[in-house]
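The values are calculated or read from the model by the stated rules, or taken from the named source; none is laboratory data. The structure presented is a predicted model; accordingly, all values stated were derived computationally and were not measured. Using ideal geometry, Cβ is built from the backbone for each residue, glycine included, and neighbour counts are taken over all protein chains shown. Just so you know, the surface numbers come from the protein's heavy atoms only, side chains and all, with ligands and any DNA or RNA stripped out. Shrake-Rupley method; radii C 1.70, N 1.55, O 1.52, S 1.80 Å.
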Amino acid sequence: MARPTTVFVCAACATESAKWHGQCPGCGAWNTLAEEARTKAAGGARGGRAAAGRPVKPVRLADVRAEGHARLSTGIGELDQILGGGLVPGSLVLIGGSPGIGKSTLTSMALGNLQGAGRRTLYVSGEESAAQIRLRAERLPGAALEVPVLAETDLDTVLATMDAERPEVCVVDSVQTLHAADLTGAAGSVGQVREVADRITRLAKARGIAVLLVGHVTKEGSLAGPRVLEHLVDCVLQFEGERERTYRTLRALKNRFGSTNDVGVFEMRQGGLVEVADASARFVGEATRAPGSVVLAAMEGSRPLLVEVQALVSPSELVPPRRVANGIDRNRLALVLAVLARHGGVGVGSADVFVNVAGGVRVDEPGADLAVALAVASAQRGVALGAGDSPVACFGEVGLTGELRSVGHPDRRMAEAAKFGLRPVIAPAGSGGAAVEVGTLRAALRAGLPASGRDAAPRAA
Ligand code: TYD
Ligand code: MG
């Protein structure tokens, strides 16, 4: 006989309590208790008594039968690639992203393509009514209108329907809106989210249903959000970008069936999300040659990507002045500004500094330092980088003593810059190719800014 009960578990120390407390009785932390369902078998083994299970003979790994996974193509090349070649039957993929980024659009398109390819699909939505989902599907290509839809928030109903319909691929949009009736917490609370994901996982594995689980992540990193599910699912995809901007990136944070190196670039258009196959061409084409602009030869996972980094330095009345970073880490900006002032002879003093990666792309790698430094120096002096018509490209990490350090994959970065005719490419020593190799930030500034634009700062030896 199974008897469902609920307990409250502390997220910090895992202390269990029968009642909810504001403060954990175990570790004293506040607001860490979350409700969880427990199904205890009546009369089970208790305390120090030996467990009643029967031992099983472990199998040598070499004798384990492991068939190759037949992948299901979603019909969206970038998504398939990030998944490692398509969806694996019975796998759970969590797609996280802030509201409005395009999660429902992406998953609707994927299901439409799968349905069109003759797969059985199901779209479960706890967020929108069937009519709203239809309105979206009308704008999308493929067989999006053929997808069977269930607008429901009750977990038991959803599970029963999945079990009865036996889709090959199912979207659950979103994990925060489903509600397990045997838990009292509100939908979206940590306990509920975990329970919902856990029960869907068990059904998906048992029936071989590939599930795309949508989860909202707030800008702050999410409290009762999908982060708690990362260990449960096979694959975690993150959809990034800003709602107002057209470009979005999709990357894998975890993938049991593929690498986590690939990044897909999408553009939100009238007819849904469109893959941007050659993002570098797009970004270089849009790059200006104005003061404060430079092209960064970045690496997005294993893929080189050229993006424009822009800076604006303007007089400020604020104390302290503003330091605004979009698409790069704020702390990296502070560091680069400090090194520029101390070792590069470029002080921005009490001016406001804005740095932006064009197109709403986010670059999280130290190789972006040099681009930030060159863009800020060029903006501060009001002089465009380079001499010819082609935009200047660069990459490299800036060290605290003003040295330029090498970063990963210089060859791929150089090749990508060469493909689009960017020159010069200012890069750390050892980058090869046609790079203008420099050892220090000061030398990089000399290489990038034409002589007339250099100020009277003393030159390094
Ligand atoms: P949506 O997929 O609903 O975002 P999420 O599920 O992540 O909250 O849609 C995001 C935005 O995209 C929405 O504001 C409307 C817009 N959009 C388009 O611009 N074109 C389209 O074809 C569709 C379907 C949506
Ligand atoms: Mg949505």
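The alpha carbons of region 262-362 occupy a box of 46, 28, 25 Å along the principal axes, longest dimension given first.
Globularity index of the chain is 1.17 (Cα radius of gyration / 2.2 N^0.38 Å, N = number of residues). Between the Cα long axis of helix 103-116 and the first principal axis of the chain there is an angle of about 60°, rounded to the nearest 10.
In the chain, the portion of solvent-accessible area held by carbon and sulfur atoms comes to 52 percent [1.4 Å probe, whole percent, DNA, RNA and ligands not counted]. The aspartates and glutamates whose alpha-carbon is closer than 14 Å to the alpha-carbon of Lys419, local same-chain residues fewer than 8 away aside, are Asp278, Asp411. For the chain, Cys170, Cys235, Cys394 have no disulfide-compatible partner, since no other Cys C-beta lies under 4.7 Å from theirs.
Please give the per residue volume of the convex hull enclosing the alpha carbon atoms of region 87-126, rounded to a whole number of Å³. Mind dumping the intermediate values first?
Working: hull volume 3.4 nm³, N = 40.
Each residue corresponds to 84 Å³ of Cα convex hull volume.
The aspartates and glutamates within cross-link reach of Lys57, meaning a Cα-to-Cα straight distance under 12 Å and a gap of 8 or more places when in the same chain, come to none at all.
Counting alpha carbon pairs within less than 8 Å and at least 6 residues apart, what relative contact order, in whole percent, applies to region 142-297? Intermediate results must be reported in sequence, preceding the final value.
Working: 200 pairs, mean separation 21.4, N = 156.
Reported as a whole number, the value is 14 percent.
Suppose R0 equals 56 Å; then what is the FRET efficiency for Glu138 and Glu67 from their Cβ-Cβ distance, rounded to the nearest 0.05? Once rounded, the FRET efficiency stands at 0.90.
So, for region 320-461, what is the accessible surface per residue at a probe of 1.4 Å, expressed in square angstrom? Write out the running numbers ahead of the final one.
Working: 5970 Å² over 142 residues.
In whole numbers, region 320-461 has 42 Å² accessible per residue.
In terms of overall dimensions, region 305-420 has a Cα radius of gyration and Dmax of 14.0, 44 angstrom.
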